[in-house]
Every structure is written in structure tokens, then in C-alpha cells.
1. With the structure loaded, tell me whether residue 92 is among the charged types (D, E, K, R), surrounded by 10 or more Cβ atoms within 10 Å (Cβ to Cβ), without any contact (Cβ under 8 Å) to a residue 40 or more places away in the chain and touching a Lys or Arg at 6+ places or on another chain (Cβ under 8 Å) or whether it fails that test.
2. For residue 69, are the conditions met, namely being closer than 26 Å to residue 148 by Cα and of a type in the set (A, V, I, L, M, F, W, C)?
3. Select, from 4, 14, the only residue that is touching a Lys or Arg at 6+ places or on another chain (Cβ under 6 Å), under 23 Å from residue 133 (Cβ atoms) and in contact (Cβ under 8 Å) with a residue 40 or more places away in the chain.
4. How many of the residues in the range 132-163 are touching a strand residue (DSSP E or B) at 6+ places or on another chain (Cβ under 7 Å) and of a type in the set (Ser, Thr, Tyr)?
5. Name, by its number, the condition in (1) in a loop (DSSP other than H, G, I, E, B); (2) free of Cβ contacts under 8 Å to residues at least 24 places away in the same chain; (3) surrounded by 11 or more Cβ atoms within 10 Å (Cβ to Cβ) that does not hold for residue 63.
Amino acid sequence: MGFAVAERLASLGARVILVTGPVALQLKNDHIERIDVVSATEMHTQCLNYFSECNGAIMVAAVADFAPVVIDDHKIKRTSANYFLELSPNPDIAASLGKIKRKDQVLVGFALETNDEEQNALAKLQKKNLDFIVLNSLRDSGSGFQHDTNKITILDKNSTISAYDLKPKTEVAVDIVNKLIEIEDFIS
């Protein structure tokens, strides 16, 4: 989804910096600056590095909420005993950007929810100082991860809720970018 949004913005003339985790996807537009990262901490650092020079950010990546405290450099062999994995919270990238967002910037978040979807998405919108949030549900067949299609609902800070049908991610990207254009001259 992030690649589709980046491609759409670049096709309209926007300067796009895409910070991405490890994926096999390739960009079609040579004018998109791609920054590859491996961890949530690296993504957090890169987003903070570039945010001040941007009109805004669209936080599409499904960054894990937690990471292992200890990362072994070798295979952990199976035994008959239980193995316990301690996790620590990853940085909340959208919340970090929301704290430093200027009035002339737009910040868009994504929410993948499994229950109380709209309520949880609206809570994230407020908590993270977002201008709007794109809600995905794991209950929608053909939507989200490992599909070329998505079904979204956009909720904005003015309490407007817009639901969209299942469609190719390239068309969903158009809907998201159109919402950006509607609220701000995001592309300049």
C-alpha cells in the first residue's frame, strides 16, 4: 500500500521519500527516494530525520509494536523445555511525528484493527495528532497484507467517515491522495 501511495504522489509531481522495511517490491518511478531499513528503530530514526523538511507523512508501514529484548546471533535449538521471549515496545513512529508536527504539515496514519475498529481508529487519530487515519480490517476478505487489493475507511479529525469498496491498491492510493489534496495542498 505504501508503494502505491508513493507512486501516486510522485506521478502528481510530489517529491517523495519512501522509508521502507525489507520488501521485495520495486519502485516504478525513479524520482522517489527510497530508504531501506530493517528495524522499527531504524525506521523511527529515518522518519524523524526527514519529517521537518516534508509537507507531511503518510504512515503506511505495519511496524511491529514490540521487538525482542535479546537477539541471538545463532539458531536457538529445540529442547523439551519452554522458551520464553521477552519483548520491549518499539518506538511509536506516528506518535513521535505527531508531537513535532507543525501546523503546515499533514500527518496520516493507518490502523489495522480486529475489533471495535472505528472506535480504536478514532482514538489513534486523536492520540497521535493525525489529520486523518486509514482504517483496514482483517475481517475484510481480499484486504490488507499479501493482496493487491484493499478495502479502507478514512476517518478525519472533523469526524468525517468515508468508506470505500474493495479495489486494487493503486486505486486505493488515489482515494488516499485525493483526501490529502482535499484537506491541504500537500503536493508542491
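1. yes
2. no
3. Just one listed residue meets the conditions, 4.
4. Adding up the residues that qualify gives 5.
5. Exception for residue 63: condition (2).
Table: residues versus (1) among the hydrophobic types (A, V, I, L, M, F, W, C); (2) closer than 20 Å to residue 21 by Cα; (3) touching a helix residue (DSSP H, G or I) at 6+ places or on another chain (Cβ under 8 Å); (4) modelled with pLDDT under 90.
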site	(1), (2), (3), (4)
71	yes, yes, no, yes
75	no, no, no, no
85	yes, no, no, no
93	yes, yes, yes, no
106	yes, no, yes, no
111	yes, yes, yes, no
116	no, no, no, no
120	no, no, no, no
129	no, no, yes, no
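The values are calculated or read from the model by the stated rules, or taken from the named source; none is laboratory data. This is a predicted model, so every value here is computed, not measured. No Cβ is skipped: glycine too gets one built from the backbone with ideal geometry, and neighbour counts run over all protein chains shown.
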